[in-house]
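The structure under discussion appears below in the form of structure tokens.
The values are calculated or read from the model by the stated rules, or taken from the named source; none is laboratory data. Not measured: the values here are computed from a predicted model. Heads up, the Cβs are rebuilt from the backbone with ideal geometry, glycines too, and the neighbour counts pull from every protein chain shown.
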Amino acid sequence: MSNNQAAGLSPEELQAWWMPFTANAAFKSNPRMYTGAEGMYLTMADGRKIIDTNAGLWCCNAGHGRKEIADAVSKQLLEMDYANPFSYGHPLAFQLANRLVEQIAPEGLNRVFFTNSGSEAVDTATKIARQYWRLKGEASKTCFIARVKAYHGVNWAGVSLSGLTPNRKAFGPALEADFLRHTLLPENAYSRGLPDNGADLADELNDMIGMRDASNIAAVIVEPMSGAGGIILPPKGYLQRLREICDQHNILLIFDEVISAYGRVGDTATMAEKIGVTPDLMTTAKGLTNGAIPMGAVYLKQEIYDTFVNSSDTPSIAPEFMHGYTYSAHPVACAAAMATMNIYRDDQLFAHAGKMATPWEEAIHTLDHGKNINDVRNYGLLGAIDFQPHGKAGPSRAAQIANICLENGVTVRPAGESLVMSPPLIIEQEHIDTIFNVLTDAINTVD
Ligand code: PLP
């Protein structure tokens with residue numbers, strides 16, 4: 001690693017911040033700092049510009065440093081920096097909700113609840129699901145069905161519904177949950193796009209319903225494509241089957257599209273729209289504001305909203321949903337989201353992502369059956385490469401390869417034995433060429 005990676009901070013100055021999801025001691029003895037970001041590139045503390053294949057953390061879909069967003073945020077801060085969202089409104093929040101329904105929501109989801117993150121969106125969706133069934137006179141429907149290898153954030157709902165054991169085992173569950181199998185099947189290795197085999201894995205939901213009884217199950221929650229678990233794609237027909245079973249048994253279906261929404265899958269705004277399956281609730285965040293200001297949104301069916309609003313005994317005085325955040329629909333976040341929606345529309349970024357998904361697929365599959373590689377997957381502007389574990393102590397092959405790539409101007413994200421990528425949707429062929437040249441060399445360097 002080159003010098004000056006601490007951006008001039010002394011070892012003492014690195015101590016006070018307890019960094020999230022980080023091996024703090026290791027980082028602080030060998031810091032890696034970003035100091036700038038523009039377009040497809042991040043700047044490291046030593047001045048090197050590196051291609052960001054992860055859009056930050058799956059969020060900067062329109063590329064870094066968008067002036068339109070900065071201007072909107074700055075204007076909003078001076079116009080109205082904050083507004084209390086409990087029993088008061090501000091026009092931009094309503095305008096944004098309408099805009100999201102029009103530009104982003106899959107057909108049929110036309111109500112929006114604002115949060116500040118994906119984790120809060122997941123907490124909110126699970127609370128809505130539980131109260132919905134109480135209002136329907138089915139208070140026993142409290143359990144959730146999630147999936148092995150799922151990531152739903154870090155608040156209590158996300159912890160309970162996490163299928164990534166390390167994220168759960170230190171805390172224990174809060175919500176009652178069962179877990180469907182994940183859909184990563186060896187027979188689908190090296191699939192291009194959605195894999196052919198495994199739609200029948202959804203039938204496992206019937207077994208769970210058999211054990212639990214649908215009268216105890218509030219909702220099934222899945223990432224339509226799991227991101228943090230290693231870009232695990234749904235087999236063709238799998239999500240349709242989940243939808244059918246949920247409908248048959250009166251169970252809500254929640255899609256957690258915190259990663260997959262806002263153009264990531266190419267051509268459409270959401271994975272739900274792309275595969276033609278509408279959930280009852282959909283959680284999102286990240287690309288909503290291009291990562292510039294924290295914000296999340298839960299989209300839901302009007303029937304759910306109406307059930308809450310029409311069930312209130314005291315509609316003139318009492319809130320029908322005792323839930324909300326000080327920063328729900330924060331004016332500055334709304335301004336950032338509105339500017340982001342303008343960019344997505346004006347630059348036709350979802351269509352661009354759809355177009356670039358083809359050369360992206362071609363490039364990533366040049367790695368098929370490469371050195372130590374077990375599987376290569378892609379969908380939209382998403383990609384994953386799985387490596388055989390080396391079976392020794394020390395960093396995984398994926399981590400070693402990521403370090404070499406960083407030295408050579410490309411950041412890729414290790415996730416267990418995989419490398420995962422989700423570049424900004426503004427990507428062009430020249431970036432794809434550089435990314436895969438650097439990656440191929442790095443892969444061939446590691447034993
Ligand atoms: N849900 C999914 C599918 C995610 O991928 C993430 C974050 O990566 C979250 C929820 C949590 O979002 P946040 O980190 O904004 O709380």
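Taking segment 133-156, which residues are away from the ligand (no atom under 14 Å from the Cβ), part of a loop (DSSP other than H, G, I, E, B), of a type in the set (A, V, I, L, M) and out of contact with any Leu (no Cβ under 9 Å at 6 or more places or on another chain)?
Across segment 133-156, the qualifying residue is only A139.
When you go through A174, A129 one by one, which is the residue that is modelled with pLDDT of 95 or more, of a type in the set (G, A, S) and on the phi < 0 side of the Ramachandran plot? Give the derivation first.
Details: A174 fails: modelled with pLDDT of 95 or more.
That would be A129, the only listed residue that is modelled with pLDDT of 95 or more, of a type in the set (G, A, S) and on the phi < 0 side of the Ramachandran plot.
What is the number of the single condition among (1) closer than 16 Å to V258 by Cβ; (2) in contact with a His (Cβ under 7 Å, 6 or more places away or on another chain); (3) not basic (K, R) that V148 does not meet?
Condition not satisfied by V148: (1).
Tell me which of these S260 doesn't satisfy, since it passes every other one: (1) within 16 Å of the ligand (Cβ to nearest atom); (2) in contact with a Pro (Cβ under 8 Å, 6 or more places away or on another chain); (3) in a helix (DSSP H, G or I).
Against the list (1) within 16 Å of the ligand (Cβ to nearest atom); (2) in contact with a Pro (Cβ under 8 Å, 6 or more places away or on another chain); (3) in a helix (DSSP H, G or I), S260 comes up short only on (3).
Scanning segment 121-132 for residues that are within 13 Å of the ligand (Cβ to nearest atom) and closer than 20 Å to A272 by Cβ, which turns out surrounded by the fewest Cβ atoms within 10 Å (Cβ to Cβ)? Working first, answer last.
Our first condition is that a residue be within 13 Å of the ligand (Cβ to nearest atom); within segment 121-132, this holds for 121-126.
Next cut, closer than 20 Å to A272 by Cβ only: 121-122, 124-126.
On the way: A121: 33, V122: 31, T124: 26, A125: 29, T126: 29.
Among residues in segment 121-132 that are within 13 Å of the ligand (Cβ to nearest atom) and closer than 20 Å to A272 by Cβ, the one surrounded by the fewest Cβ atoms within 10 Å (Cβ to Cβ) is T124.
Would you confirm whether any residue within segment 260-268 is crowded, with 24+ Cβ neighbours inside 10 Å and under 30 Å from E138 (Cα atoms)?
Checked segment 260-268: no residue is crowded, with 24+ Cβ neighbours inside 10 Å and under 30 Å from E138 (Cα atoms).
Of the conditions (1) over 22 Å from K236 (Cα atoms); (2) more than 13 Å from the chain's Cα centre (by Cα); (3) assigned to a loop (DSSP other than H, G, I, E, B), N290 satisfies every one except a single condition; which number is it?
(2)
Any idea which of (1) loosely packed, with under 14 Cβ neighbours inside 10 Å; (2) part of a helix (DSSP H, G or I) is the one D196 doesn't satisfy?
Answer for D196: the failing condition is (2).
Being surrounded by 24 or more Cβ atoms within 10 Å (Cβ to Cβ) and aliphatic (A, V, I, L, M) is the filter here, so list the residues in segment 269-283 that pass it. It would help to see each step written out before you state the result.
Keep residues of segment 269-283 that are surrounded by 24 or more Cβ atoms within 10 Å (Cβ to Cβ), which gives 269-272, 279-283.
Once the filter is applied, which keeps residues that are surrounded by 24 or more Cβ atoms within 10 Å (Cβ to Cβ) and aliphatic (A, V, I, L, M), segment 269-283 yields A269, M271, A272, L281, M282.
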